[in-house]
Amino acid sequence: MASLPWSKALAATLAERQLSGRYRRLRTRSGEQGVSVIIDGKEMLSFCSNDYLGLAAHPTITKAFINAAETEGVGSGAAHLLSGHSYYHQQLEEALADFMGQQSVLLFSSGYQANLGVIDGLMSRGDVVIQDKLNHASLLDGGRLSAAKSWRYHHADMGSLQRRLRQTEDSGCRLVVTDGVFSMDGDLAPLQPLIQLTQKHQAALMVDDAHAIGVLGKHGRGSVEHWQVKAEHMPIVMGTLGKAFGTAGAFVAADKDVIETLIQQSRTFVYTTAQPAAVAAASLASLVLVRTENWRREKLQTLIEQFRKGAAELGLATMNSLTPIQPIMIGDDKKAIVIGQELESRGFLLGVIRTPTVPLGSARLRVTLSTNHTEQNIKQLLEALEDVICTSQ
Ligand SMILES: *Cc1c(COP(=O)(O)O)cnc(C)c1O
(Lines give C-alpha, C1' and ligand atoms only; values in the text may rest on other atoms or scores of the structure.)
Protein backbone atom coordinates (compact mmCIF):
# COMPACT_ATOMS: atom_id res chain seq x y z
CA MET A 1 0.00 0.00 0.00
CA ALA A 2 2.52 2.55 1.19
CA SER A 3 4.53 2.07 -1.97
CA LEU A 4 1.65 2.84 -4.34
CA PRO A 5 1.74 6.26 -6.03
CA TRP A 6 -1.84 6.53 -4.84
CA SER A 7 -0.81 6.56 -1.18
CA LYS A 8 1.53 9.49 -1.86
CA ALA A 9 -1.37 11.36 -3.38
CA LEU A 10 -3.50 10.65 -0.31
CA ALA A 11 -0.78 11.89 2.03
CA ALA A 12 -0.33 15.04 -0.05
CA THR A 13 -4.05 15.79 -0.01
CA LEU A 14 -4.18 15.25 3.74
CA ALA A 15 -1.23 17.57 4.28
CA GLU A 16 -2.89 20.20 2.13
CA ARG A 17 -6.11 19.85 4.10
CA GLN A 18 -4.20 20.31 7.34
CA LEU A 19 -2.50 23.46 6.06
CA SER A 20 -5.76 25.02 4.97
CA GLY A 21 -7.35 24.33 8.36
CA ARG A 22 -9.91 21.88 6.98
CA TYR A 23 -8.68 18.72 8.67
CA ARG A 24 -11.38 16.79 10.50
CA ARG A 25 -10.59 14.90 13.68
CA LEU A 26 -12.59 12.49 15.78
CA ARG A 27 -13.06 13.03 19.47
CA THR A 28 -14.35 10.38 21.83
CA ARG A 29 -17.19 10.88 24.25
CA SER A 30 -17.59 8.71 27.30
CA GLY A 31 -20.90 8.55 29.11
CA GLU A 32 -24.23 9.79 27.90
CA GLN A 33 -25.00 12.54 25.41
CA GLY A 34 -26.13 15.69 27.17
CA VAL A 35 -25.43 19.26 28.16
CA SER A 36 -22.42 18.22 30.18
CA VAL A 37 -20.31 15.66 28.34
CA ILE A 38 -16.95 14.02 28.79
CA ILE A 39 -14.92 14.39 25.61
CA ASP A 40 -11.47 12.87 25.42
CA GLY A 41 -11.58 12.54 29.19
CA LYS A 42 -12.41 16.19 29.83
CA GLU A 43 -15.75 17.47 31.07
CA MET A 44 -17.22 20.06 28.71
CA LEU A 45 -20.35 22.19 28.51
CA SER A 46 -21.77 21.17 25.17
CA PHE A 47 -23.56 23.38 22.66
CA CYS A 48 -23.15 21.08 19.72
CA SER A 49 -25.58 18.20 19.95
CA ASN A 50 -28.88 17.94 18.10
CA ASP A 51 -30.54 16.51 21.19
CA TYR A 52 -32.87 19.52 21.16
CA LEU A 53 -35.46 18.20 23.62
CA GLY A 54 -32.94 16.56 25.95
CA LEU A 55 -34.29 13.05 25.32
CA ALA A 56 -31.14 11.18 24.25
CA ALA A 57 -30.61 9.70 27.70
CA HIS A 58 -34.14 9.99 29.09
CA PRO A 59 -34.84 7.15 31.58
CA THR A 60 -38.27 6.28 30.12
CA ILE A 61 -36.81 5.89 26.63
CA THR A 62 -33.78 3.97 27.90
CA LYS A 63 -36.12 1.63 29.78
CA ALA A 64 -38.24 1.00 26.67
CA PHE A 65 -35.06 0.16 24.78
CA ILE A 66 -33.87 -2.29 27.44
CA ASN A 67 -37.26 -3.97 27.77
CA ALA A 68 -37.53 -4.50 24.04
CA ALA A 69 -33.96 -5.76 23.79
CA GLU A 70 -34.83 -8.35 26.43
CA THR A 71 -37.67 -9.79 24.35
CA GLU A 72 -36.36 -9.11 20.81
CA GLY A 73 -32.62 -9.43 21.23
CA VAL A 74 -30.34 -6.94 19.55
CA GLY A 75 -29.85 -7.66 15.86
CA SER A 76 -32.78 -7.45 13.47
CA GLY A 77 -30.88 -9.89 11.28
CA ALA A 78 -32.37 -9.01 7.89
CA ALA A 79 -33.79 -6.27 5.69
CA HIS A 80 -37.36 -5.12 6.36
CA LEU A 81 -38.67 -6.99 3.31
CA LEU A 82 -37.24 -10.28 4.53
CA SER A 83 -37.65 -11.03 8.23
CA GLY A 84 -36.24 -7.83 9.73
CA HIS A 85 -39.51 -5.88 10.10
CA SER A 86 -40.56 -6.31 13.71
CA TYR A 87 -43.75 -5.60 15.61
CA TYR A 88 -42.10 -2.46 17.03
CA HIS A 89 -41.23 -1.15 13.57
CA GLN A 90 -44.82 -1.66 12.48
CA GLN A 91 -46.22 0.02 15.60
CA LEU A 92 -43.85 2.96 15.21
CA GLU A 93 -44.82 3.47 11.56
CA GLU A 94 -48.49 3.56 12.51
CA ALA A 95 -47.93 5.92 15.42
CA LEU A 96 -45.81 8.28 13.30
CA ALA A 97 -48.42 8.33 10.49
CA ASP A 98 -51.03 9.33 13.08
CA PHE A 99 -48.69 11.95 14.58
CA MET A 100 -47.90 13.47 11.19
CA GLY A 101 -51.47 13.34 9.90
CA GLN A 102 -50.36 11.49 6.78
CA GLN A 103 -51.58 8.24 5.22
CA SER A 104 -48.41 6.20 5.59
CA VAL A 105 -44.95 6.17 7.06
CA LEU A 106 -41.86 4.18 6.17
CA LEU A 107 -38.88 3.80 8.50
CA PHE A 108 -35.30 4.07 7.34
CA SER A 109 -32.15 3.28 9.29
CA SER A 110 -30.89 6.86 9.07
CA GLY A 111 -31.92 10.22 7.69
CA TYR A 112 -29.09 10.06 5.20
CA GLN A 113 -30.48 6.83 3.80
CA ALA A 114 -34.05 8.15 3.84
CA ASN A 115 -33.08 11.15 1.72
CA LEU A 116 -31.17 9.06 -0.78
CA GLY A 117 -34.03 6.58 -0.78
CA VAL A 118 -36.81 9.06 -1.49
CA ILE A 119 -35.06 10.89 -4.31
CA ASP A 120 -33.63 7.78 -5.92
CA GLY A 121 -36.75 5.72 -5.28
CA LEU A 122 -39.24 8.17 -6.75
CA MET A 123 -37.31 9.79 -9.59
CA SER A 124 -36.23 8.14 -12.83
CA ARG A 125 -34.53 9.11 -16.07
CA GLY A 126 -36.33 12.04 -17.66
CA ASP A 127 -37.51 13.37 -14.28
CA VAL A 128 -36.11 16.45 -12.56
CA VAL A 129 -35.11 17.14 -8.96
CA ILE A 130 -35.01 20.83 -8.01
CA GLN A 131 -33.24 21.64 -4.76
CA ASP A 132 -32.58 24.65 -2.57
CA LYS A 133 -28.89 25.49 -2.82
CA LEU A 134 -28.38 25.14 0.93
CA ASN A 135 -30.03 21.72 1.24
CA HIS A 136 -28.35 19.09 3.40
CA ALA A 137 -25.58 17.03 1.78
CA SER A 138 -27.70 13.86 1.91
CA LEU A 139 -30.38 15.47 -0.30
CA LEU A 140 -27.80 16.65 -2.78
CA ASP A 141 -26.32 13.14 -2.77
CA GLY A 142 -29.80 11.74 -3.43
CA GLY A 143 -29.84 13.81 -6.59
CA ARG A 144 -26.45 12.38 -7.56
CA LEU A 145 -27.61 8.81 -7.01
CA SER A 146 -30.82 9.20 -8.98
CA ALA A 147 -30.98 8.97 -12.78
CA ALA A 148 -33.08 12.16 -12.81
CA LYS A 149 -31.57 15.54 -13.71
CA SER A 150 -30.64 17.77 -10.77
CA TRP A 151 -31.20 21.53 -10.63
CA ARG A 152 -30.75 24.01 -7.83
CA TYR A 153 -32.41 27.30 -6.98
CA HIS A 154 -31.10 30.19 -4.88
CA HIS A 155 -31.66 29.75 -1.18
CA ALA A 156 -35.34 30.21 -0.26
CA ASP A 157 -35.78 32.35 -3.39
CA MET A 158 -39.22 31.74 -4.92
CA GLY A 159 -38.39 33.76 -8.05
CA SER A 160 -35.40 31.53 -8.69
CA LEU A 161 -37.48 28.40 -8.08
CA GLN A 162 -40.19 29.65 -10.43
CA ARG A 163 -37.60 30.09 -13.20
CA ARG A 164 -36.43 26.52 -12.64
CA LEU A 165 -40.00 25.24 -12.78
CA ARG A 166 -40.60 27.09 -16.06
CA GLN A 167 -37.32 25.81 -17.51
CA THR A 168 -38.25 22.21 -16.77
CA GLU A 169 -41.88 22.28 -17.87
CA ASP A 170 -41.34 19.64 -20.57
CA SER A 171 -39.67 17.13 -18.24
CA GLY A 172 -41.22 14.07 -16.65
CA CYS A 173 -42.03 14.22 -12.93
CA ARG A 174 -40.58 17.09 -10.94
CA LEU A 175 -39.73 17.00 -7.28
CA VAL A 176 -38.86 20.19 -5.41
CA VAL A 177 -36.79 19.46 -2.31
CA THR A 178 -36.05 21.69 0.67
CA ASP A 179 -34.82 21.51 4.23
CA GLY A 180 -37.62 22.59 6.60
CA VAL A 181 -35.02 24.17 8.92
CA PHE A 182 -31.65 24.74 7.26
CA SER A 183 -29.03 22.88 9.21
CA MET A 184 -26.16 25.37 9.07
CA ASP A 185 -28.16 28.63 9.20
CA GLY A 186 -31.16 27.68 11.33
CA ASP A 187 -33.64 29.58 9.15
CA LEU A 188 -36.97 28.17 7.91
CA ALA A 189 -38.01 27.32 4.38
CA PRO A 190 -41.01 29.42 3.26
CA LEU A 191 -43.33 26.43 3.18
CA GLN A 192 -46.60 28.10 2.14
CA PRO A 193 -45.13 29.83 -0.93
CA LEU A 194 -43.35 26.56 -1.78
CA ILE A 195 -46.64 24.68 -1.63
CA GLN A 196 -48.42 27.26 -3.79
CA LEU A 197 -45.67 27.37 -6.38
CA THR A 198 -45.23 23.61 -6.68
CA GLN A 199 -48.99 23.12 -6.98
CA LYS A 200 -49.25 25.78 -9.67
CA HIS A 201 -46.54 23.99 -11.66
CA GLN A 202 -47.75 20.49 -10.79
CA ALA A 203 -44.51 19.49 -9.12
CA ALA A 204 -44.22 17.37 -5.99
CA LEU A 205 -42.67 18.80 -2.81
CA MET A 206 -40.45 17.12 -0.25
CA VAL A 207 -39.41 18.66 3.08
CA ASP A 208 -36.42 17.41 5.09
CA ASP A 209 -37.55 18.13 8.63
CA ALA A 210 -34.52 16.72 10.46
CA HIS A 211 -34.21 19.86 12.60
CA ALA A 212 -37.91 20.66 12.85
CA ILE A 213 -39.57 17.42 13.94
CA GLY A 214 -40.15 17.59 17.68
CA VAL A 215 -39.05 21.22 17.78
CA LEU A 216 -41.45 23.28 15.66
CA GLY A 217 -45.22 23.42 16.14
CA LYS A 218 -47.14 23.22 19.37
CA HIS A 219 -47.05 19.42 19.38
CA GLY A 220 -43.71 19.04 17.64
CA ARG A 221 -45.05 18.00 14.23
CA GLY A 222 -42.46 20.22 12.63
CA SER A 223 -42.73 22.50 9.61
CA VAL A 224 -46.23 21.43 8.56
CA GLU A 225 -47.58 22.31 11.99
CA HIS A 226 -45.59 25.54 12.28
CA TRP A 227 -46.91 26.77 8.91
CA GLN A 228 -50.38 25.27 9.47
CA VAL A 229 -50.37 23.26 6.27
CA LYS A 230 -53.79 21.81 5.39
CA ALA A 231 -54.21 18.05 5.15
CA GLU A 232 -54.78 18.17 1.38
CA HIS A 233 -51.53 20.11 0.79
CA MET A 234 -49.18 17.87 2.75
CA PRO A 235 -45.72 17.57 1.22
CA ILE A 236 -43.63 14.41 1.53
CA VAL A 237 -41.94 14.84 4.92
CA MET A 238 -38.68 13.21 5.99
CA GLY A 239 -38.08 13.33 9.74
CA THR A 240 -35.11 12.02 11.68
CA LEU A 241 -35.30 10.23 15.01
CA GLY A 242 -31.68 10.79 16.03
CA LYS A 243 -32.10 14.50 16.77
CA ALA A 244 -35.03 15.83 18.83
CA PHE A 245 -36.39 12.30 19.34
CA GLY A 246 -33.15 11.30 21.00
CA THR A 247 -33.03 7.82 19.44
CA ALA A 248 -31.89 6.82 15.93
CA GLY A 249 -33.24 6.31 12.43
CA ALA A 250 -35.63 8.26 10.28
CA PHE A 251 -39.03 8.14 8.65
CA VAL A 252 -40.79 9.32 5.53
CA ALA A 253 -44.45 10.36 5.82
CA ALA A 254 -46.52 10.63 2.66
CA ASP A 255 -49.48 9.31 0.66
CA LYS A 256 -49.91 5.57 0.51
CA ASP A 257 -48.77 5.35 -3.12
CA VAL A 258 -45.54 7.23 -2.41
CA ILE A 259 -44.73 4.94 0.50
CA GLU A 260 -45.63 1.80 -1.46
CA THR A 261 -43.37 2.97 -4.28
CA LEU A 262 -40.50 3.48 -1.84
CA ILE A 263 -41.00 -0.06 -0.51
CA GLN A 264 -40.68 -1.37 -4.08
CA GLN A 265 -37.76 0.67 -5.38
CA SER A 266 -35.92 2.61 -2.73
CA ARG A 267 -32.47 1.05 -2.74
CA THR A 268 -31.47 2.37 0.69
CA PHE A 269 -34.60 0.75 2.11
CA VAL A 270 -34.53 -2.57 0.22
CA TYR A 271 -30.82 -3.35 0.48
CA THR A 272 -30.09 -2.67 4.12
CA THR A 273 -30.61 -4.39 7.45
CA ALA A 274 -33.53 -3.11 9.50
CA GLN A 275 -32.68 -1.11 12.59
CA PRO A 276 -32.80 -3.09 15.82
CA ALA A 277 -36.39 -3.50 17.04
CA ALA A 278 -35.38 -2.06 20.42
CA VAL A 279 -34.47 1.22 18.73
CA ALA A 280 -38.00 1.39 17.28
CA ALA A 281 -39.40 0.61 20.75
CA ALA A 282 -37.34 3.50 22.14
CA SER A 283 -38.64 5.82 19.42
CA LEU A 284 -42.21 4.81 20.29
CA ALA A 285 -41.59 5.82 23.90
CA SER A 286 -39.95 9.03 22.74
CA LEU A 287 -42.91 9.90 20.50
CA VAL A 288 -45.19 9.94 23.55
CA LEU A 289 -42.91 12.48 25.26
CA VAL A 290 -42.45 14.54 22.08
CA ARG A 291 -46.22 14.75 21.57
CA THR A 292 -47.26 15.50 25.11
CA GLU A 293 -44.47 17.35 26.88
CA ASN A 294 -44.98 20.77 25.32
CA TRP A 295 -42.98 22.30 28.16
CA ARG A 296 -39.81 21.00 26.50
CA ARG A 297 -40.45 23.14 23.41
CA GLU A 298 -41.55 26.10 25.51
CA LYS A 299 -38.41 26.00 27.64
CA LEU A 300 -36.24 25.64 24.53
CA GLN A 301 -37.88 28.75 23.07
CA THR A 302 -37.13 30.70 26.25
CA LEU A 303 -33.46 29.68 26.06
CA ILE A 304 -33.28 30.64 22.37
CA GLU A 305 -34.66 34.08 23.19
CA GLN A 306 -32.23 34.50 26.09
CA PHE A 307 -29.29 33.57 23.88
CA ARG A 308 -30.33 35.82 21.00
CA LYS A 309 -30.93 38.79 23.25
CA GLY A 310 -27.56 38.33 24.95
CA ALA A 311 -25.71 37.80 21.67
CA ALA A 312 -27.29 40.93 20.18
CA GLU A 313 -26.19 42.96 23.21
CA LEU A 314 -22.63 41.75 22.63
CA GLY A 315 -22.86 42.69 18.96
CA LEU A 316 -22.24 39.12 17.82
CA ALA A 317 -23.11 38.30 14.21
CA THR A 318 -26.05 35.97 14.77
CA MET A 319 -28.25 34.93 11.88
CA ASN A 320 -31.95 35.09 11.15
CA SER A 321 -32.84 31.99 13.16
CA LEU A 322 -35.67 31.35 15.59
CA THR A 323 -34.66 27.71 16.02
CA PRO A 324 -32.21 26.03 18.43
CA ILE A 325 -29.57 26.30 15.68
CA GLN A 326 -27.87 29.62 16.42
CA PRO A 327 -24.84 30.26 14.20
CA ILE A 328 -22.40 33.06 14.88
CA MET A 329 -20.76 34.22 11.68
CA ILE A 330 -16.96 34.51 11.86
CA GLY A 331 -15.95 34.45 8.18
CA ASP A 332 -12.38 33.20 7.94
CA ASP A 333 -11.84 29.44 8.42
CA LYS A 334 -8.67 29.72 10.47
CA LYS A 335 -10.04 32.46 12.69
CA ALA A 336 -13.09 30.30 13.41
CA ILE A 337 -10.82 27.40 14.34
CA VAL A 338 -8.75 29.53 16.73
CA ILE A 339 -11.91 30.84 18.41
CA GLY A 340 -13.28 27.30 18.65
CA GLN A 341 -10.05 26.09 20.27
CA GLU A 342 -10.01 28.96 22.72
CA LEU A 343 -13.60 28.22 23.75
CA GLU A 344 -12.73 24.56 24.06
CA SER A 345 -9.83 25.29 26.38
CA ARG A 346 -12.36 27.08 28.58
CA GLY A 347 -14.59 24.02 28.61
CA PHE A 348 -17.14 24.97 25.93
CA LEU A 349 -17.83 22.65 23.04
CA LEU A 350 -19.31 24.26 19.90
CA GLY A 351 -19.45 23.30 16.27
CA VAL A 352 -16.85 25.06 14.14
CA ILE A 353 -18.34 24.92 10.66
CA ARG A 354 -16.20 25.75 7.68
CA THR A 355 -15.78 25.02 4.02
CA PRO A 356 -16.77 22.72 2.32
CA THR A 357 -19.79 22.37 4.63
CA VAL A 358 -20.53 26.09 4.16
CA PRO A 359 -19.33 28.46 1.40
CA LEU A 360 -15.76 29.75 1.67
CA GLY A 361 -15.57 32.90 3.80
CA SER A 362 -18.66 32.06 5.84
CA ALA A 363 -17.08 29.95 8.57
CA ARG A 364 -19.15 30.07 11.71
CA LEU A 365 -19.59 28.82 15.21
CA ARG A 366 -22.68 26.68 15.38
CA VAL A 367 -24.38 26.88 18.74
CA THR A 368 -27.19 24.40 19.26
CA LEU A 369 -29.43 24.67 22.30
CA SER A 370 -31.23 21.97 24.22
CA THR A 371 -34.12 21.92 26.66
CA ASN A 372 -31.67 20.53 29.19
CA HIS A 373 -29.56 23.69 29.18
CA THR A 374 -30.17 26.05 32.07
CA GLU A 375 -30.40 29.84 32.01
CA GLN A 376 -27.08 29.78 33.84
CA ASN A 377 -25.49 27.68 31.04
CA ILE A 378 -26.53 30.28 28.45
CA LYS A 379 -25.09 33.04 30.62
CA GLN A 380 -21.80 31.15 30.92
CA LEU A 381 -21.65 30.69 27.14
CA LEU A 382 -22.35 34.37 26.47
CA GLU A 383 -19.62 35.41 28.89
CA ALA A 384 -17.13 33.09 27.21
CA LEU A 385 -18.12 34.39 23.76
CA GLU A 386 -17.66 37.95 24.98
CA ASP A 387 -14.18 37.15 26.27
CA VAL A 388 -13.03 35.17 23.27
CA ILE A 389 -14.66 37.00 20.34
CA CYS A 390 -15.36 40.56 21.46
CA THR A 391 -12.23 41.31 23.44
CA SER A 392 -9.86 39.66 20.94
CA GLN A 393 -11.02 41.90 18.08
C1 LIG B 1 -28.88 15.11 10.28
C2 LIG B 1 -29.55 15.40 8.99
C3 LIG B 1 -29.84 14.39 8.09
C4 LIG B 1 -29.36 12.98 8.28
O5 LIG B 1 -30.01 12.32 9.29
P6 LIG B 1 -29.27 11.11 10.05
O7 LIG B 1 -30.36 10.38 10.71
O8 LIG B 1 -28.31 11.75 10.98
O9 LIG B 1 -28.58 10.31 8.99
C10 LIG B 1 -30.57 14.71 6.97
N11 LIG B 1 -30.95 15.99 6.73
C12 LIG B 1 -30.66 16.99 7.57
C13 LIG B 1 -31.11 18.38 7.24
C14 LIG B 1 -29.93 16.73 8.71
O15 LIG B 1 -29.59 17.73 9.51
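The values are calculated or read from the model by the stated rules, or taken from the named source; none is laboratory data. Since this is a predicted model, take the numbers as computed values, not measurements. Virtual Cβ from ideal backbone geometry, glycine too; neighbours counted across all protein chains shown. The protein model used for the area step is the full one, side chains on, heavy atoms only, and it has no ligands, DNA or RNA in it. Shrake-Rupley method; radii C 1.70, N 1.55, O 1.52, S 1.80 Å.
Test Gln196 against the stated conditions and say whether it is away from the ligand (no atom under 16 Å from the Cβ), assigned to a helix (DSSP H, G or I) and open to solvent by 10 Å² or more (accessible area, probe 1.4 Å).
So Gln196 fits the description; yes.
Quick one: in the stretch 239-258, which of the residues that are surrounded by fewer than 24 Cβ atoms within 10 Å (Cβ to Cβ) and not acidic (Asp, Glu) is nearest to the ligand (Cβ to nearest atom)?
Applying the filter and picking the extreme gives Gly242.
Looking at the structure I just gave you, is Leu116 assigned to a helix (DSSP H, G or I), open to solvent by 10 Å² or more (accessible area, probe 1.4 Å), touching a Gly at 6+ places or on another chain (Cβ under 7 Å) and in the same structural domain as Thr198 (by TED's automatic domain parsing)?
Considered against the rule, which asks whether it is assigned to a helix (DSSP H, G or I), open to solvent by 10 Å² or more (accessible area, probe 1.4 Å), touching a Gly at 6+ places or on another chain (Cβ under 7 Å) and in the same structural domain as Thr198 (by TED's automatic domain parsing), Leu116 comes out as yes.
When both residues are 6+ apart or on different chains and their Cβ atoms are under 7 Å apart, which pairs have a first residue that lies in the stretch 144-156 and is farther than 16 Å from Leu205 by Cα and not assigned by TED's automatic domain parsing to the domain that holds Met184, and a second that is hydrophobic (A, V, I, L, M, F, W, C) and crowded, with 19+ Cβ neighbours inside 10 Å?
From residues that are farther than 16 Å from Leu205 by Cα and not assigned by TED's automatic domain parsing to the domain that holds Met184, there are no pairs.
Looking at the stretch 144-166 only, could you name the residues that are of a type in the set (A, V, I, L, M, F, W, C), buried (at least 18 other Cβ atoms within 10 Å of the Cβ) and away from the ligand (no atom under 16 Å from the Cβ)?
Within the stretch 144-166, Ala148, Trp151, Leu161, Leu165 meet the criteria.
Given the criteria at pLDDT 95 or above, away from the ligand (no atom under 16 Å from the Cβ), open to solvent by less than 40 Å² (accessible area, probe 1.4 Å) and not in a helix (DSSP H, G or I), does Gln102 qualify?
yes
Yes or no: the stretch 118-126 includes at least one residue that is in contact (Cβ under 8 Å) with a residue 24 or more places away in the chain, within 16 Å of the ligand (Cβ to nearest atom) and in contact with a strand residue (DSSP E or B) (Cβ under 7 Å, 6 or more places away or on another chain).
Yes: one or more hits.
Select, from Val290, Val358, Val367, Val338, the only residue that is within 23 Å of the chain's Cα centre (by Cα) and surrounded by fewer than 22 Cβ atoms within 10 Å (Cβ to Cβ).
Being within 23 Å of the chain's Cα centre (by Cα) and surrounded by fewer than 22 Cβ atoms within 10 Å (Cβ to Cβ) holds for just one of Val290, Val358, Val367, Val338, which is Val358.
Which of the residues spanning the stretch 275-308 are under 14 Å from Lys63 (Cβ atoms) and among the small types (Gly, Ala, Ser)?
Ala278, Ala281, Ala282, Ser283, Ala285, Ser286
Being surrounded by fewer than 22 Cβ atoms within 10 Å (Cβ to Cβ), touching a Lys or Arg at 6+ places or on another chain (Cβ under 8 Å) and in a loop (DSSP other than H, G, I, E, B) is the filter here; which residues of the stretch 218-237 pass it?
Within the stretch 218-237, Lys218, His219 meet the criteria.
Do you know which of the residues in the stretch 167-193 that are assigned to a loop (DSSP other than H, G, I, E, B) and farther than 28 Å from Pro324 by Cα is least open to solvent (accessible area, probe 1.4 Å)?
Thr168
Of the residues Leu216, Leu134, Leu140, which is within 15 Å of the ligand (Cβ to nearest atom) and without any contact (Cβ under 8 Å) to a residue 12 or more places away in the chain?
Testing whether each residue is within 15 Å of the ligand (Cβ to nearest atom) and without any contact (Cβ under 8 Å) to a residue 12 or more places away in the chain leaves just Leu140.
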